[in-house]
Amino acid sequence: MALIPSLLDDPYGGELRRWNSNSPWMVLGDFNSMLSLADKHNGAAVSLYESSDFRDCCFDLDLHDINFTGCHFSWTNGFVWSKLDRVMINPSWSSLNHITHVHFGPPGAFTYHSPTAVRLGPLEQGRCCFKFFNMWASHVQFLSLVSSH
């Protein structure tokens, strides 16, 4: 994995666009910008103009949110809820053969932002348990299907 410059120093991704690495990488933190209208609840609506720079940067760099559990809205002042904190990856990240789990806790406990946990681990191809349901045996084609395979 490669190290990248801080987005805080370059809010519109110019340095990242010039870097343009094909290596797997992850960018995470408070982006202080939203990607879509669905990223805000209450308060003034998000305009396409407000989100266009961040959205264009993510498009140019081929970054997308990684699947996560927990809270969608990662920031609140008690009335407005927004998705400002993100964990984003490029398509090469999946080539690492690592399980990546991201969890956003509820915002507001210690700060206005969600605590975010990223867990990385090797992808272990373990044995999968087989479960047999007795109802399958009562199916009309059960015996013929099993014997043909």
Check your understanding: Of the conditions (1) under 17 Å from Trp25 (Cβ atoms); (2) part of a loop (DSSP other than H, G, I, E, B), Phe132 fails just one. Which one is it?
Key -> (1)
Revision key, fill the gap. Subset of the stretch 40-65, residues of a type in the set (A, V, I, L, M) and surrounded by fewer than 17 Cβ atoms within 10 Å (Cβ to Cβ), comes to Ala44, Ala45, Leu48
**Study point:** Those residues of the stretch 90-105 which are over 13 Å from Asp65 (Cα atoms) and touching a Phe, Trp or Tyr at 6+ places or on another chain (Cβ under 9 Å), in sequence order
**Key:** Ser92
Point to revise | Top-ranked residue of the stretch 74-94 - restricted to ones that are assigned to a strand (DSSP E or B) and aliphatic (A, V, I, L, M), ranked as farthest from Cys57 (Cα to Cα) | key: Val87
Revision key, fill the gap. Listed by first then second residue, the pairs whose first member lies in the stretch 25-49 and is part of a helix (DSSP H, G or I), whose partner is surrounded by fewer than 16 Cβ atoms within 10 Å (Cβ to Cβ) and modelled with pLDDT under 90, with beta carbons under 7 Å and at least 6 positions apart or on separate chains, are Leu37/Ala45
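The values are calculated or read from the model by the stated rules, or taken from the named source; none is laboratory data. Fair warning: this is a prediction, and the values are worked out from it, not measured in the lab. Virtual Cβ from ideal backbone geometry, glycine too; neighbours counted across all protein chains shown.
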